[in-house]
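Here the structure is laid out as structure tokens; the discussion comes afterwards.
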Amino acid sequence: MAVLVDQAIWHWKGRKWAHLVSDHSYDELHEFAQRLGIPRRAFQGDHYDVPDDYRLEAIRLGAEAVDARVLVRRLKAAGLRRTRSDGPVSLGWAPA
């Protein structure tokens, strides 16, 4: 059971972004995101998008750095993976 973060390879708003998930529960994920200073409104249904500097802080705080394929596989295995058909998600956020 862990909080996972993949590589920051997704470009948006001039930054590179990664995905932050839990392979245990959404509660664990929300608590971890709060420790990082990420607002709850940034929750994307099953993950948070985090910019590269937040990714490094997440790892420092104990998140496990994994490949994106591993992240998705573990999210699915935990039964926490959502699809677009599950409903709308947040439009994201950008730190100041």
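The values are calculated or read from the model by the stated rules, or taken from the named source; none is laboratory data. The structure displayed is predicted, hence computed values, not measured ones. Backbone-built Cβ (ideal geometry, glycine too); neighbour counts: all protein chains shown.
Only one residue in Leu61, Leu36, Leu20 is modelled with pLDDT of 95 or more, under 18 Å from Lys76 (Cα atoms) and not aromatic (Phe, Trp, Tyr), so which one is that?
When all the criteria are applied, what remains is Leu20.
Give the number of residues within the stretch 64-96 that are modelled with pLDDT under 90, touching a strand residue (DSSP E or B) at 6+ places or on another chain (Cβ under 7 Å) and of a type in the set (Gly, Ala, Ser).
Matching residues across the stretch 64-96 total 2.
Here's a check for you: in the stretch 19-51, which residue that is in a strand (DSSP E or B) and in contact (Cβ under 8 Å) with a residue 40 or more places away in the chain is farthest from Ala68 (Cα to Cα)?
It comes out as Phe43.
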